[in-house]
Amino acid sequence: MKRDQDPPADTEQLTGTDEITSRTVGQLEKQPPASPRPTVRRRWSARRIPAALTALLIGAAAGTLLFDIVRVRAGQPAAAWRTHLVDELATRPLDDIWIQIGAAVMCLLGLWLVVLALTRGLRHQMPLRTSDGQMHAVLDRDAAALLLRDAAMRVPGVSAARIRVFKHRIGARADVRFRAPVDVKADLLVALREELDRLALARPPGLSVRVRPRRK
């Protein structure tokens with residue numbers, strides 16, 4: 001039985017540089033993959049005016065009712081408005097028109113408050129890409145439309161441009177004074193896409209471009 005052959009004598013030992021290189025490669029292989037870029041979302045609106053109006057109405061109603069209850073506990077007669085309200089609620093049937101109108105108004109107000117509580121608001125602000133996930137930067141839609149309009153007006157052949165920025169779409173309309181409309185549309189698409197890249201929007205909307213010859 002033959003013995004295993006010895007390794008060749010000319011096998012080179014790892015030098016110091018090779019050792020460091022192999023160690024570095026091993027560390028790089030062990031490192032976890034880079035985490036994806038955090039999702040940028042629109043910030044929640046404070047909605048100070050609806051909150052202040054709701055608190056004011058509830059506070060005024062509760063304070064008035066509490067004041068009347070304290071007066072009754074002190075031996076004074078109940079207020080006429082509370083007596084009248086109790087009588088109306090006790091005697092009017094449920095199919096009365098005023099009862100139905102009041103219930104519909106209360107339901108609409110409650111639905112409005114629920115919608116405000118569950119939606120973010122600030123729809124006029126567009127979030128921007130940032131290198132730090134804790135930093136929030138936004139751009140107003142009107143400002144974005146103005147910048148895109150300036151970029152459209154720099155395209156040769158465009159005499160007038162109108163830009164409308166929506167949540168998921170940007171609509172651009174341009175009047176062509178000279179040049180072929182097809183060529184102007186192609187250049188306009190390139191110019192608007194470049195301007196969108198410079199704006200660094202977190203979620204760039206789709207782009208819709210329409211051109212038409214200028215009416216004489």
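Below is a table of values for the structure above.
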| item | result |
| --- | --- |
| Difference of contour (0.36 nm per residue) and Cα-Cα distance, Ala186 to Leu146 | 12.4 nm |
| Kirkwood Rh and Cα Rg combined as Rg/Rh, region 126-213 | 1.03 |
| Stretch gain in nm, segment Leu111-Ala46, where the contour uses 0.36 nm per residue and the Cα spacing is subtracted | 21.6 nm |
| Overall Cα dimensions of region 59-181 - principal axes, largest extent first, Å | 87, 41, 20 |
| Arg129-Ile97 pseudo-label distance in nm [points 7 Å out on the Cα-to-Cβ vector] | 6.1 |
| Restricting region 125-206 to trypsin sites (Lys or Arg not before Pro) in coil, as DSSP defines it, with at most 16 other Cβ within 10 Å | Arg129, Arg154, Lys167, Arg177, Arg179 |
| Whole-angstrom Cα spans of region 48-118 along principal axes, big to small | 45, 33, 13 |
| Fraction of the pair-distance distribution of region 164-216 above 12 Å, Cα-Cα pairs, percent | 65 |
| Contact order normalised by residue count of region 61-216, Cα under 8 Å, 6+ apart, percent | 18 |
| Computed magnitude of the charge dipole of region 50-160 (debye, nearest 20; Cβ of K, R +1, Cβ of D, E -1) | 340 |
| Relative pair counts by distance (%), Cα atoms of region 98-168, 5 Å bins | 3, 13, 13, 12, 13, 11, 10, 9, 7, 5, 3, 2, 0 |
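Bear in mind these aren't lab numbers, they're just calculated from the coordinates by the rules spelled out. Model, not experiment: these values are computed from the prediction. A quick note on method: Cβ atoms are made from the backbone with ideal geometry, for glycine too, and the neighbour counts reach across all protein chains shown.
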